[in-house]
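Report on the following structure.
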Amino acid sequence: MAKKKEQKEEVIVAYKGFDRDLRCRDFQYEIGGAYEHEGEVSACHSGFHACEYPLDVFGYYTPSESRFALVEQSGATSKDGSDSKIASQKISIKAELSLPGLIKAAIEYTFSRSTPEGETATGDQGAASATGDRGAASATGYQGAASATGYQGAASATGARGAASATGDQGAASATGDQGAAMASGWKGRAMAAEGCAIFLVERDDSDNILAVWAGISGKDGVKPDVWYTLRDGKPVELMP
């Protein structure tokens, strides 16, 4: 008689925020740790919580005062309809993520779930990519992602929780929607963000070696909203329009 095949447990890849001591809701976590909740699992009430969309974690933990990790959730689950938050019976803390790593994950998340490709994406979770020199990519929908990888490329995300990334030399990234994020990681790159949005800057030398990285929130710590910044000597410097 043939043996019944055991059903494989579903594993959900998600992203979790913590305080500086790697605690969440008074529970102490460790990188590499695996935990199981006893009792009912209910989003916002009980179980281990994380977000499937990386930037949703900023709604619970601010970028400048928190730590973040890639996690795997399994067992019984419960979702919250207001965003991508999910509660689970089991959770494994796989790896800690830097802020640039989190924004990279957000862009990859959106691209993996979107079918439109081209210079403009207008639908929710739409993805726009510009790879040529001086290319321009714009994402206007909710959780949209715009990526410009070519020389002097420009990426703009105007929708709520949108992500804009410019990785080419002298690239520019702007995020003007609510709770968006802008990252400029190329040589002499620049980024601009609306108040409350995350902004990420990388400083490189003429050989493209990384000298420094910086992350913050537009409108805090002297960083002005809707103003272009680049990174010099490890500090964000305001650029003329």
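The values are calculated or read from the model by the stated rules, or taken from the named source; none is laboratory data. Here the structure is a predicted model, which is why all the values come from computation and not from measurement. Cβ coordinates were reconstructed from backbone atoms using ideal geometry, including for glycine residues, and neighbour counts include every protein chain displayed. These accessible areas exclude ligands, DNA and RNA; they are computed on the full protein's heavy atoms, side chains included. Shrake-Rupley method; radii C 1.70, N 1.55, O 1.52, S 1.80 Å.
What region 1-111 shows is 56 Å² of accessible area per residue, with the surface traced by a 1.4 Å probe over protein heavy atoms. For the residue pairs 79/220; 16/235; 8/104; 16/224; 8/79, alpha carbon separations beyond 23 Å are given by 79/220; 16/235; 8/104; 16/224. The modelled label-to-label distance between residue 188 and residue 72, using points 7 Å beyond Cα along the C-beta direction, is 4.5 nm.
Taking the Cβ-Cβ separation of residue 205 and residue 38 as r and a Förster radius of 51 Å, what is the calculated FRET efficiency to the nearest 0.05? Efficiency, rounded to the nearest 0.05: 0.45. Over all orientations, region 171-231 has a Cα convex hull whose mean projected area works out to 3.4 square nanometres. Taking a label point 7 Å from the Cα of residue 108 along the Cα→Cβ vector, which residues of region 48-67 have an amide N closer than 17 Å to it? Counting only backbone N, you get 51-57. For 9, 203, the ranking by accessible surface with the largest value first comes to 9, 203, using a 1.4 Å probe. Separation of region 66-89 from region 177-205 is 27 Å, based on Cα centroids.
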